[in-house]
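A short write-up of the structure that comes next.
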Amino acid sequence: AEHPHISGTQLSYCWARLEPEPRQYRWDIIEADMDIWARNGKKCWLEVSTAGRWWANSECDPGAPRWVYDQGVPFVKAPKTATYPVFWDGRYFKEWETFIHAFAQRFDGDPRVEFFAPGGYSNGTEPKLSSKEDDQLMDQWKQHGFDGFTASGIYLSKGVKPVLKFYFDAFTRTPVGQTY
């Protein structure tokens, strides 16, 4: 943060860490991480994901809070892969949208934030289902209705697009930056 040629950083989180219990938010984690950057006059971009293979065996495995799955949200998983919520499930959507709006209520317009990267429809912030794990998980995804990566397919039309709308509706003062 103190290096003169670095203008800011990416701060990435899993939803499970930021909302370990329903409506019990841990914004203090983000605040602490942004503090050193802000003290050095630099901004951060923030992202929150709901799954990630790089989190195996950590406090972020699974990336979505366990209480979400306890409500019956379906998931896919194979040995040595992340746990992925079925991104187009209505129960998942309800909870993820509630989180996004709370996140925006706390950080939208915060001068320390350069932009927000949407997540909640992949293992990161790019819409690619489960990426490198697709070959191990595709049969499970198909059992939950996955029908391809077409514009009218369930993943893009019922998973990615609605989540992007949640972000664009919630964040009105700070930009949302989507990566593909």
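The values are calculated or read from the model by the stated rules, or taken from the named source; none is laboratory data. Remember, predicted model here, so these are calculated numbers, not experimental data. For neighbour counting, all protein chains shown are included, and Cβ atoms are generated from backbone atoms with ideal geometry for every residue, glycine included. Accessible surface areas use protein heavy atoms only, side chains included; no ligands, DNA or RNA. Shrake-Rupley method; radii C 1.70, N 1.55, O 1.52, S 1.80 Å.
When restricted to residues that are touching a residue at least 24 places away in the same chain (Cβ under 8 Å) and open to solvent by 10 Å² or more (accessible area, probe 1.4 Å), the stretch 63-78 contains 6. Of all the numbered requirements in (1) open to solvent by 70 Å² or more (accessible area, probe 1.4 Å); (2) touching a Ser or Thr at 6+ places or on another chain (Cβ under 8 Å); (3) modelled with pLDDT under 95, A51 misses one, and that requirement is (1).
Okay, residues lined up against (1) out of contact with any Phe, Trp or Tyr (no Cβ under 9 Å at 6 or more places or on another chain); (2) of a type in the set (A, V, I, L, M); (3) exposed (fewer than 14 other Cβ atoms within 10 Å of the Cβ):
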| site | (1), (2), (3) |
| --- | --- |
| S7 | yes, no, yes |
| Q10 | no, no, yes |
| Y13 | yes, no, no |
| R17 | yes, no, no |
| I29 | no, yes, yes |
| D35 | yes, no, yes |
| G41 | yes, no, yes |
| C44 | no, no, no |
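Listed here are the residues, each with its yes/no results for (1) of a type in the set (V, I, T); (2) in a helix (DSSP H, G or I); (3) open to solvent by less than 20 Å² (accessible area, probe 1.4 Å).
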site	(1), (2), (3)
K132	no, yes, no
L137	no, yes, yes
Q140	no, yes, no
G145	no, no, no
F149	no, no, no
S157	no, yes, no
P162	no, yes, no
F168	no, yes, no
R173	no, no, no
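Can you confirm whether Y69 is within 16 Å of the chain's Cα centre (by Cα) and modelled with pLDDT under 95? No.
Of everything in the stretch 5-54, what is in a loop (DSSP other than H, G, I, E, B) and either farther than 25 Å from V160 by Cα or among the hydroxyl-bearing types (S, T, Y) (or both)? Give them in sequence order. Within the stretch 5-54, H5, I6, S7, Y25, R26, N40, G41, K42, T50 qualify.
If the condition is being part of a helix (DSSP H, G or I), open to solvent by 10 Å² or more (accessible area, probe 1.4 Å) and of a type outside the set (S, T, N, Q), then the stretch 79-122 contributes G90, R91, F93, K94, E97, H101, A102, R106.
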